[in-house]
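*Asks:* Mind looking over this structure? Questions follow.
The values are calculated or read from the model by the stated rules, or taken from the named source; none is laboratory data. This structure is a prediction, so every number in the text was calculated from the model and none was measured. Quick reminder, even Gly has a Cβ in these numbers, built from the backbone with ideal geometry, and neighbours come from all protein chains shown.
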Amino acid sequence: MYLKSYAINGLGLTLSVLIFSCATAFGGQAERLRQPAFWTSREAVIFGLQNSPDSRIALQRIASAQAAQAEADALLRHPRLDLSAFYGQTNNPLLSFGNILNQGAFSNDIDFNSPGQTDNLNLKAELTYRFYNGGRDQALVDSAESGYLASQAGLKEVEHQLGYEIVKAFQYIVQAQDQLEARQAELEAIDSSLQVAKARFEAGDLLKTEVLNFEVQKARTSENLIVAEHQKALAEKGFLNLLGLQSGSVVIDAEEKHLLAPPAAQSILERPELTKLSAAMQAAEAELRRAEGLNLPTFDGFASYQYDYGWINDGSGDSWVAGVKVNYNLWDGRRDDAEILRKRAEYETLAEQLEKLTLAIGLDIDKAELNYQQALKRRSVTDKMVEVAQESAQLSRERFKEGVILSSDVLDAEVRLTDTLVRQSAARANHRIATANLRRAMGYQQYTTTTEELLERQ
């Protein structure tokens, strides 16, 4: 790939050509995916990892790191070739005499003090190559390679965190849907009992207050139903936002077959944050070596060829020059030493951050494991509560029809049933979320084939 830059200043025109190699793994922005007819948590994760802005940002960071890697490699392995062109006119004695000499137009008739007006077209090609600079170029390459590894780990970090957030948002929809259905079932049950109460009241077998109790509870349940519908709508909006969508239809498949069990082994080594920070430490160590190289000399080779032509004197000539150059900074006010100290401090800071992160990840795994165990137990308890509450509610409805119990008794049974159903839906969602969180904490994707399927869709 060739990168060209042009600069125009007065009568001068300069053309610089920098030759370097560049490779990119991602060729442009991926096309937006079509939304499926219904969502599973697995499909949502796959869709979100490809369509979410967070994923695309991470991909662009990888592309940027690759470009930096190619740039550093070009500095180390390839020479620099500069081409320049210049045309000008002058009557300055020194410049005019130089033009005459370069054009091979010297004669004994020339007045050295006043050679007159001349013009000159100068074409020049210059090749330079740095043989040695204290390992600074190699350190720059190593830093760029570490930056690329860090960007790859950053993509995995985004995938793992985003996958977890999508699963959590999906389960919030499942929970909201279950609670909405529980409220609807409660409303239907109370309305059915209300019709029984009205019939008994008309038959003179029930007081008016009993009927009113059902009316009041029906209104409360209707209010709770409105709240449940609102919560479901909010959950759907949050879900679509995570997927990088502004709008869309959210029809879900809540079957648990799409969920993976938590991994059995605990290991912090799978966490991409550790890989990312370790790569950052490697980059910092390379930057430290580059700074230390500032105290060492540089050794450059150069060669140039130029052609000069003048229309006024009708002369032309060419020349070349080649050589080597050594440069060594004897004193800079200890500026280089200060940079070395700064780079060493940056490296030591990252080392401390790595230790801190290791401790934090260990705590994160422990918390995720405890939350998972708690969620598992709560789910088991709520499942049993629902069985008992359903049986109690059914018996209360039958006994109210028979006139054995009061309206307050059957209403209490209906409220308890709805409460246990709401608790069950929350416990089930929390269990699924805890499972996903444990996978995230241990450094695993929510679905092991996510990346492979993403690549197949490219």
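*Asks:* Quick test for you: out of Val158, Val196, Val167, Val216, pick the one residue that is free of Cβ contacts under 8 Å to residues at least 24 places away in the same chain and either β-branched (Val, Ile, Thr) or within 30 Å of Glu292 (Cβ to Cβ) (or both).
*Replies:* Val216
*Asks:* Taking the condition surrounded by 16 or more Cβ atoms within 10 Å (Cβ to Cβ) and in contact with a strand residue (DSSP E or B) (Cβ under 8 Å, 6 or more places away or on another chain), does Val174 pass?
*Replies:* Yes, satisfied.
*Asks:* Could you list all residues from region 283-329 that are of a type in the set (Val, Ile, Thr) and over 30 Å from Glu145 (Cβ atoms)?
*Replies:* Ile312, Val321
*Asks:* Among residues belonging to region 21-47 that are aromatic (Phe, Trp, Tyr) and modelled with pLDDT of 50 or more, point out the one that is nearest to Ala235 (Cα to Cα).
*Replies:* Per the criteria, the residue is Trp39.
*Asks:* Looking at region 287-305, I want the residues that are in a helix (DSSP H, G or I) and have a partner that is buried (at least 17 other Cβ atoms within 10 Å of the Cβ) and of a type in the set (Ser, Thr, Tyr) with Cβ atoms under 8 Å, at least 6 apart or on another chain. Which pairs are those?
*Replies:* What qualifies is Glu287/Ser143; Glu287/Tyr347; Leu288/Tyr347; Arg290/Ser143.
*Asks:* Something else now. Name the residue that is surrounded by the fewest Cβ atoms within 10 Å (Cβ to Cβ), counting only residues in region 129-138 that are in contact with a Gly (Cβ under 7 Å, 6 or more places away or on another chain) and part of a strand (DSSP E or B).
*Replies:* Phe131
*Asks:* Out of everything in region 285-305 that is crowded, with 17+ Cβ neighbours inside 10 Å and not hydrophobic (A, V, I, L, M, F, W, C), what residue ends up being nearest to Ala351 (Cα to Cα)?
*Replies:* Ranking the qualifying residues of region 285-305, first place goes to Glu285.
*Asks:* Would you please list the contacts, defined by Cβ atoms under 7 Å and residues six or more apart or on different chains, that run from a residue in region 347-358 that is small (Gly, Ala, Ser) to a residue that is modelled with pLDDT of 90 or more and surrounded by 12 or more Cβ atoms within 10 Å (Cβ to Cβ)?
*Replies:* Ala351/Met281
*Asks:* Here's something else I'd like to know. Could you please tell me which pairs satisfy a Cβ distance under 8 Å, a separation of 6+ or placement on different chains, a first residue in region 311-335 that is without any contact (Cβ under 8 Å) to a residue 40 or more places away in the chain and surrounded by 12 or more Cβ atoms within 10 Å (Cβ to Cβ), and a second residue that is of a type in the set (S, T, N, Q) and not in a strand (DSSP E or B)?
*Replies:* Asn329/Asn295
*Asks:* Moving on. When residues of region 88-128 are filtered for being exposed (fewer than 15 other Cβ atoms within 10 Å of the Cβ), of a type outside the set (S, T, N, Q) and assigned to a strand (DSSP E or B), how many remain?
*Replies:* Number of matching residues: 2.
*Asks:* Any residue in region 370-384 that is over 14 Å from Leu421 (Cβ atoms) and touching a residue at least 40 places away in the same chain (Cβ under 8 Å) sitting within a Cβ distance under 7 Å of a residue that is of a type in the set (Ser, Thr, Tyr) and in a helix (DSSP H, G or I)? List the pairs, counting only those 6 or more apart or interchain.
*Replies:* What qualifies is Tyr372/Thr435.
*Asks:* Could you list, ordered by first residue, the pairs with Cβ atoms under 7 Å in which the first is in region 41-70 and over 21 Å from Ala279 (Cα atoms) and the second is among the charged types (D, E, K, R) and in a helix (DSSP H, G or I), at least 6 apart or interchain?
*Replies:* Ile46/Glu453; Leu49/Glu159; Gln50/Arg457
*Asks:* Within region 70-87, how many residues are acidic (Asp, Glu) and part of a strand (DSSP E or B)?
*Replies:* 1
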